[in-house]
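These notes concern the structure reproduced below.
Just so you know, all these numbers are worked out from the coordinates, no wet-lab data involved. On a predicted model such as this, the values are computed, not experimentally measured, just so you know. Counting neighbours? That spans all protein chains shown, and the Cβs are built from the backbone with ideal geometry, glycine included.
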Amino acid sequence: MAHLIAPSILAADFANLSKDIELVNNSNADWFHLDVMDGEFVPNISFGLPVIEAIKRHAKKTLDVHLMIIQPDRYISAFKKAGADVLTVHYEACPHLHRTIQAIQAEGMKAGVALNPHTPVSVLEDVIQDIDVVLIMSVNPGFGGQKFIEKTYDKIKKLKALIQSSGSSAIIEIDGGVGLGNYKQLVECGADVLVAGNSVFAAKDPLQAITELKKI
């Protein structure tokens with residue numbers, strides 16, 4: 001499959017959010033990436049269910065919701081109702097990960113599992129066949145605009161090997177520090193979905209930036 005681009009709404013202009021939603025709708029991007037932070041799992045607070053519901057009313061593309069929160073199981077049904085198409089939880093926040101994955105899929109959503117930079121891909125060996133998306137954090141979660149962690153390339157290759165050896169159909173998503181300087185190498189290593197925040201919304205021409213990120 002051709003790689004997908006998921007602009008991160010965390011980097012959008014919240015005073016003109018409808019404008020940036022339309023920008024993504026009219027672009028070559030594939031998904032909207034929505035980061036939900038609770039101030040406990042990560043040292044930041046972003047937005048929650050009402051904002052996602054509002055975005056859903058205007059978005060014409062897949063809503064990729066990334067939960068950086070503790071006890072995400074409590075909100076699975078609520079995020080489905082709000083409009084999530086892909087719901088990603090953190091391995092580090094889920095003591096009963098297999099059950100969480102099943103609960104997400106039972107609601108009709110794709111189930112994603114995110115790994116922090118220090119978490120090895122080997123922790124997913126027993127559940128990789130059940131996961132739809134694996135999100136590798138290429139910065140420490142919580143804030144946009146951080147420097148890309150170079151170790152990510154090796155991590156993608158290891159994850160790709162695990163997916164192939166297990167017969168899993170999971171796709172690989174990369175979140176953090178993605179831009180024109182590294183996106184091709186990420187795709188070459190095996191990435192399927194690239195989350196792009198500042199590299200899109202801080203660009204002089206966001207539409208052109210998305211078009212460039214889609215090129216092979």
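Once amide H atoms are built 1.01 Å from N in the peptide plane, which residues 5 or more positions from ILE171, or in another chain, come under 5 Å H to H?
VAL133, VAL134
For the chain, what D do you get in µm² per second when you plug the Kirkwood radius from alpha-carbon pairs into Stokes-Einstein at 20 °C and 1.002 mPa s?
My calculation gives 126 µm²/s for D.
Give me the percent of DSSP beta bridges within the chain that run antiparallel, rounded to the nearest 5.
Of all bridge pairs located within the chain, approximately 5 percent are antiparallel.
Long-range amide H contacts for HIS90: which residues qualify at under 5 Å (H placed 1.01 Å from N, peptide plane, sequence gap of 5 or more or a different chain)?
ILE69, ALA114
When ranked by the protection proxy of mean other Cβ atoms within 10 Å per residue, highest first, what sequence do the peptides 25-35, 202-212 form?
Packing proxy ranking, top to bottom: 25-35, 202-212.
To the nearest 0.05, what FRET efficiency results for VAL51 and GLN164 with a Förster distance of 35 Å applied to their C-beta separation? Please list the in-between numbers first.
Numbers: r = 37 Å, r/R0 = 1.06.
Efficiency, rounded to the nearest 0.05: 0.40.
Which residues' amide hydrogens lie under 5 Å from the amide hydrogen of ILE5, considering only partners 5 or more residues apart or on another chain, with H built in the peptide plane?
ASP30, TRP31, LEU194
Per-residue counts of other Cβ atoms within 10 Å, averaged by peptide: what ranking do you get for 107-118, 58-69, highest first?
Descending mean neighbour count gives 58-69, 107-118.
Rg to Rh for segment 162-216: what is it, with Cα atoms only and Rh by Kirkwood?
1.06
Could you tell me the convex hull volume per residue, in Å³, taken over the Cα atoms of segment 1-111?
Expressed per residue, the convex hull around the Cα atoms of segment 1-111 is 109 Å³.
When the Debye formula is applied to the Cα atoms of segment 1-61, each taken as the same point scatterer, what base-10 log of I(q)/I(0) results at q = 0.21 Å⁻¹?
Reported log10 I(q)/I(0), two decimals: -0.85.
At 0.36 nm per residue, and after removing the present C-alpha to C-alpha distance, how many nm does the segment from ASN16 to ALA2 gain when stretched out fully?
Residue separation times 0.36 nm, minus the Cα-Cα distance, leaves 2.0 nm.
Report the calculated FRET efficiency for VAL123 and GLN146 (r = Cβ-Cβ distance, R0 = 35 Å), to the nearest 0.05.
0.95
What FRET efficiency, computed as 1/(1 + (r/R0)^6) with R0 = 35 Å and r the Cβ-Cβ distance, is obtained for GLU40 and LEU207, rounded to the nearest 0.05?
Using R0 = 35 Å, I get an efficiency of 0.45.
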